[in-house]
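What follows draws every value from the coordinates through simple rules; no lab data is involved. Here the structure is a predicted model, which is why all the values come from computation and not from measurement. Quick reminder, even Gly has a Cβ in these numbers, built from the backbone with ideal geometry, and neighbours come from all protein chains shown.
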Amino acid sequence: MALTKHLYVKYDGDVGEARRLASALCRDLDFDELRIGQAALMVTELATNLARHTHGVGGELVFSPVQQAGETGIDLLSLDQGPGIDNISLCLRDGHSTAGTLGKGLGRIQQLSSVFDISSIPGQGTVLFSRLWKKLPPPSAFTVGGVCLPVNGEQACGDAWAMKQGPDSMLFMLADGLGHGPDAAAASELAVTTFKNNTSCNPENLVQLIHSALHGTRGAAVAVAEVSPQERLVRYVGVGNISGLMLTQETTKHLVSLHGTAGGDVRKTQTFTYPWSDETLLVLHSDGLATHWSLKNYPGLAFKHPALIAGVLFRNHQRLRDDSTVVVIKTSGSMS
Ligand SMILES: [Mn+2]
């Protein structure tokens, strides 16, 4: 399985490593040479901006494999808490020279991206998201993005997430293997294969199947959410410490998980149902992210691409002591 890459960029000397990691992920995913070259060029621009134009603060880059309807892509996230960009639209304008600012090369990155979004708030920093598909997937009512990274110093990630299409809905699963490291990763990866390979699309049934499958592993906190735009509702089943939230710019609703550990002690599972609309965001995150955050502190963020929202939440609320995962889900009545 291709692994997510993550690095901090502060100096010009870090740019080569960023380019190398992005190229390696593209090769893992079997991208052609043209696309690998484009990804390397984009990452060189992003890393150079972080090294030269964040007033010495630097930033981090995350390169994640992404799948939708059988198609494969790569998500590039650039996260910094530098000075921000004064005039993004000017920086994006074709041919505009912004040498000496963080906006350098943004127009080029946008042109090469299949999906592109950026958020920059003066004093809070900049988050840039770019998705490159090998081949464009068919249109979907769902837009989804996530960050899933091991705690510093670990190669294996004890968190894992997955999505799969149901007959009239989309299902999402997040698992946090107890502790971290390879044994935690084994538990959460088994949760993913159980979720994906079983034909069931019933969240409670899936959580019970995962509970059975994880017997003999270290165990995991697990949540499964089924989002049904037609029925305008979400069915949610959680066991253990996974945070599920439904948000609008003004409101936050915490979804109910019951105590227990999949593969260990589960006394009871229960399906909770919540109303859904195209204005709602669903956020699932592991306890590698702090719980006390609010979209109210990020004006306009709710309207951004889910991958960019996940990037901001990860940048500002990762706990650094544990694997961190945040997944953000939106629907649009019109296909996007
Ligand atoms: Mn954890």
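In table form, for the structure just shown:
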read-out	value
Charge dipole (debye, nearest 20) of the chain; +1 at Cβ of Lys and Arg, -1 at Cβ of Asp and Glu	240
A141 paired with D32, simple spin-label distance in nm, labels 7 Å along Cα-to-beta-carbon	3.4
Cleavage-rule hits (trypsin sites (Lys or Arg not before Pro)) in the range 110-171: DSSP loop, at most 10 neighbouring Cβ within 10 angstrom	K135
Separation in nanometres of the label points that stand 7 Å from Cα toward Cβ, at T273 and T248	2.1
Shape call, the range 142-331: gyration tensor on alpha carbons, a/c limit 1.5	oblate
Ranked K330, K196, criterion: other C-beta atoms within 10 Å, fewest first	K196, K330
Average Cα contact separation per residue, the range 142-331, under 8 Å, 6 or more apart, as relative contact order %	26
For the chain: relative contact order, % (alpha-carbon pairs under 8 angstrom, 6 or more apart)	15
Mean residue ellipticity (222 nm) of the chain, computed from DSSP H runs ≥ 4 via -39,500 (n - 2.57), nearest 500	-8000 deg cm²/dmol
For W161, W276, W133, order by how many other beta-carbon atoms lie within 10 Å, fewest first	W133, W276, W161
Global form of the range 104-150, assessed from the alpha-carbon gyration tensor, a/c cut-off 1.5	oblate
Relative packing of 170-177, 252-259, 223-230, which averages over residues the other C-beta atoms within 10 Å, highest first	170-177, 223-230, 252-259
Rounded tilt (10° steps) of 15-28 against the dominant C-alpha axis of the chain	50
Which of S243, S286 has the fewest Cβ neighbours within 10 Å, and the rest in rising order	S243, S286
Where a label projected 7 Å from the Cα of H215 along Cα→Cβ would reach, residues of the range 253-279 with amide N under 11 Å	263-264
Per-bin percent of Cα-Cα distances, the range 5-133 [5 Å]	2, 12, 23, 25, 19, 12, 5, 1, 0
Highest-first arrangement of 289-298, 24-33, where packing means the average Cβ count within 10 Å	24-33, 289-298
Cα gyration tensor category, rounded, prolate or oblate, for the chain with a/c compared to 1.5	prolate
